[in-house]
Amino acid sequence: MYSPAAVNPPSRFPPATIRQNPRQTRTIQPLQILSESSSNSTLHTSITSKRIQFQHEACRVRNSSRLVQIPRVSSDDSQPIVSVSGDEDEASEPSFLEFITSERVKVVAMVALALALCNADRVVMSVAIVPLSQSRGWSQAFAGVVQSSFLWGYLVSPIAGGTLVDYYGGKVVMACGVALWSMATFLTPWAAESSLWALLGMRALLGIAEGVALPCMNNMIARWFPQTERSRAVALAMAGFQLGSAIGLTLSPILMSKGGVGGPFIIFGLSGFLWVLVWVSATSSTPERSPQITKYELEYIQSKRTKSQTKTVKIIPPFKRLLSKLPTWSLIVANSMHSWGFFVILSWMPIYFKTIYHVDLRQAAWFSAVPWSMMALVGYFAGVFSDKLIQSGVTVTLTRKIMQSIGFMGPGIALIGLIMAKNPVVASAWLTLAVGLKSFSHCGFLVNLQEIAPQYSGVLHGMSNTAGTLAAILGTVGAGFFEELVGSFQGFLLLTSLLYFSAAMFWNIFSTGERVNFDEGN
């Protein structure tokens, strides 16, 4: 108790500097009562009032400090380390307008453009091979060898590219990949005029460079988007990939008619160089490094981030442990079946329609644009549907199984309808439905890569992509041998349908949406 006549301030209250906002400070001195002649009642009232004011100011400072978040970013461009103080659950879900105008959507839009160039550079040879074969006297078999040279490079690069992506980050590796494949595309007309080996080498170089595209996409999306938005992000990126097929198949004949066989190669190659300049100057590898991102968006992304996303990986991933887990094999099987169906439809449907219905789809504009545009459109709505399921409380595991089941069983049923169709109009409708429903797979296995092992998403994508490339080669070549041995291409489509159903069953049994520990032994 204090004496009413002489009151000294408590010693535990030193002078305190109160931060009210980033631009102003206020210094509060401890209570100093020097007059001993004041009346007891007046002095007691003054002390109490000032003590209450001091406690009120201190309380305001403590509350406001919870709103200050200080990110700490690692010097490693591929693996950010983030320290966030305060309550991480306060960030509210953004509105649709906030989402589409956010910095992360700008990043995924740039990724979509890169994937569009990736696929356009890939399919332009399927148009140019006709005049090249005629001018050089190539047979159909040799023309197939020239087209397959892309897959020689694409077969070997995804695993190495995925490992580099996990270690160095998606921004750097994507820039190098686009620059390299744009150079290969730009130089293809020169290589075709020089020698056959130069042409084959340039196409193989294109495949090597494009092998990093999808692992880079997964890496950037995993760092920029929370789990509840990743399906939409992947759908937007893959929409660019599918539209690249439509752009390449539609514009290539027009550009060839204006600038010769080399016209589309030169235009698409220069477009890639322009993309690299914009990508390097306008995007960042992580949200913490972006100078354009708003404080609200940064806090929202950080509040949804899990600790596993900040773990640094070794340059040599644990391949043995990765292959020892059944969820890894579910990804490999899913990617293999997805690639098998995609390349069988892309390569053999024109021949199938010409043989069965006597319709030349290469001269039909809808075949160049409608199925792949439908895949891009349906893929986006599939992404929105997938994110809504997770936001409504459905587990990630069940969501991925639902989406992948639609992505496999839907095309399987549609191919059976295609086999039974009696006229080309009905058959083309079934074909468009099969291609459109395939896009649900993008919200299944393609997003699942980021969930079971975010620190190894690049190398996992590379491993499954290599298996998918082997399946694409086997399916494309096997279709021709099957037709020669059995005498019916419809039988091969039925086999593909059964493989779709089998892959869906394998996925539903062994896949998971939870993080798998690949860093410890069994």
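The values are calculated or read from the model by the stated rules, or taken from the named source; none is laboratory data. None of these values were measured; they are calculated from a predicted model. Virtual Cβ from ideal backbone geometry, glycine too; neighbours counted across all protein chains shown. Accessible surface areas use protein heavy atoms only, side chains included; no ligands, DNA or RNA. Shrake-Rupley method; radii C 1.70, N 1.55, O 1.52, S 1.80 Å.
For VAL145, are the conditions met, namely being open to solvent by less than 20 Å² (accessible area, probe 1.4 Å), of a type outside the set (Lys, Arg), part of a helix (DSSP H, G or I) and at negative phi?
For VAL145, the condition - open to solvent by less than 20 Å² (accessible area, probe 1.4 Å), of a type outside the set (Lys, Arg), part of a helix (DSSP H, G or I) and at negative phi - is not met.
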Checklist entry - Is the stretch 321-335 home to any residue that is over 26 Å from VAL105 (Cβ atoms), open to solvent by 80 Å² or more (accessible area, probe 1.4 Å), modelled with pLDDT under 85 and basic (Lys, Arg)? => result no
Checklist entry - Any idea which of (1) modelled with pLDDT under 90; (2) part of a helix (DSSP H, G or I) is the one LYS314 doesn't satisfy? => result (2)
Next on the checklist: Quick test for you: out of LYS438, LYS422, LYS401, LYS388, pick the one residue that is touching a Pro at 6+ places or on another chain (Cβ under 6 Å) and basic (Lys, Arg).
Outcome noted: LYS438
Checklist entry - Could we say that VAL172 is modelled with pLDDT of 85 or more and either under 22 Å from ALA246 (Cβ atoms) or outside any loop (DSSP other than H, G, I, E, B) (or both) here? => result yes
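Tell me, which helices (runs of 4 or more DSSP H) wholly within the stretch 384-486 include 2 or more residues that are modelled with pLDDT of 90 or more and open to solvent by 10 Å² or more (accessible area, probe 1.4 Å)?
396-420, 424-438, 457-486
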Next on the checklist: ASN517 - would you say it is in a loop (DSSP other than H, G, I, E, B) and either at pLDDT below 95 or within 23 Å of ALA376 (Cβ to Cβ) (or both)?
Outcome noted: yes
Item to check | Among (1) under 30 Å from THR399 (Cα atoms); (2) in contact with a Phe, Trp or Tyr (Cβ under 8 Å, 6 or more places away or on another chain); (3) of a type in the set (A, V, I, L, M, F, W, C) - the single one VAL234 does not satisfy | outcome: (2)
Next on the checklist: Any residue in the stretch 199-225 that is more than 15 Å from LEU113 (Cα to Cα) sitting within a Cβ distance under 9 Å of a residue that is assigned to a helix (DSSP H, G or I) and of a type in the set (Lys, Arg)? List the pairs, counting only those 6 or more apart or interchain.
Outcome noted: LEU206/ARG122; GLY207/ARG122; ASN219/LYS171; ALA222/ARG230; TRP224/ARG104; PHE225/ARG104; PHE225/ARG232
Checklist entry - Would the stretch 108-120 turn up any residue that is closer than 16 Å to ALA198 by Cα and open to solvent by 30 Å² or more (accessible area, probe 1.4 Å)? => result no
Item to check | Which numbered condition GLY263 fails, given (1) surrounded by 16 or more Cβ atoms within 10 Å (Cβ to Cβ); (2) at pLDDT below 90; (3) not charged (D, E, K, R) | outcome: (2)
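In this structure, is LEU199 modelled with pLDDT of 90 or more and assigned to a helix (DSSP H, G or I)?
When the stated conditions are applied, LEU199 passes them.
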Item to check | Unique match (being surrounded by fewer than 23 Cβ atoms within 10 Å (Cβ to Cβ) and within 26 Å of SER373 (Cα to Cα)) among THR185, THR250, THR294 | outcome: THR250
